[in-house]
Amino acid sequence: MIGQKQVYEYLDSTHISFDYYEHPEAPTIEIAAQFYRGEGTTLCKNLFFRNHKGNKHYLVIMDSKRDMDIHSIEKMLHQGKLSFASPERMMKYLGVRPGSVSLFNLVNDTNHEVILFIDSCLLKAEKVSFHPNDNRASLVISRDDMMKFVDSVGNEYKILDLYENEEC
């Protein structure tokens, strides 16, 4: 498992700048929102799924203000029924416990087994915020640095229009 320190080292090694904020434990997006420092930043919701066979795993990141429609995601992925991954699967593939799922967990997925889906609305955000493998802190990075991170970790990813008929 790679913790906070290793995430910071990874970001430094890839020349990704970030702002760091400590806060009380925030295992849900509702709790995290209480400590959110807006400042033009989009607070991101991070959801970890598995397919019905349990042989594929997906990390979906999106604006926390938006509701997630699992049936729409199921249709977009063409993988049948999705369910939230178990705590054991989170630890195996992302190296974290429930409540700490984040884009930055992909540094723990050295075999690149998790497929990332990014809501297209995040590409319109100026800055985005994620936990650094620990839900007692948040990191803020630019949208461009988010994509630089995504490209650097090497996981397969796709941009999805999760809200086809809605404005971001």
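Brief remarks follow.
- Check on Lys65, open to solvent by 40 Å² or more (accessible area, probe 1.4 Å) and either in a helix (DSSP H, G or I) or over 15 Å from Lys45 (Cα atoms) (or both): no
Conditions (1) in contact with a helix residue (DSSP H, G or I) (Cβ under 9 Å, 6 or more places away or on another chain); (2) under 13 Å from Asp63 (Cα atoms); (3) at pLDDT 95 or above, marked per residue:
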residue: Arg143; (1), (2), (3): yes, yes, yes
residue: Ser152; (1), (2), (3): yes, no, yes
residue: Glu156; (1), (2), (3): no, no, yes
residue: Cys168; (1), (2), (3): yes, yes, no
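- Scan of the range 19-62 for residues that are open to solvent by 30 Å² or more (accessible area, probe 1.4 Å), in a strand (DSSP E or B) and free of Cβ contacts under 8 Å to residues at least 40 places away in the same chain, ordered by number: Lys45, Arg50
- Residue check, Tyr36 over 24 Å from Glu164 (Cβ atoms) and of a type in the set (Ser, Thr, Tyr): yes
Results for (1) assigned to a strand (DSSP E or B); (2) under 19 Å from Arg50 (Cβ atoms); (3) open to solvent by 20 Å² or more (accessible area, probe 1.4 Å); (4) among the basic types (Lys, Arg), shown as yes or no for each residue.
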residue: Gln79; (1), (2), (3), (4): no, yes, yes, no
residue: Glu88; (1), (2), (3), (4): no, yes, yes, no
residue: Tyr93; (1), (2), (3), (4): no, yes, yes, no
residue: Ser100; (1), (2), (3), (4): no, yes, no, no
residue: Asp144; (1), (2), (3), (4): no, no, yes, no
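The values are calculated or read from the model by the stated rules, or taken from the named source; none is laboratory data. Note that the structure is predicted; figures quoted are calculated from it, not measured. Positions of Cβ are generated from backbone atoms using ideal geometry, with glycine treated the same way; all protein chains shown enter the neighbour counts. Note: accessible area is taken over every heavy atom of the protein model, side chains too, but ligands, DNA and RNA are not part of it. Shrake-Rupley method; radii C 1.70, N 1.55, O 1.52, S 1.80 Å.
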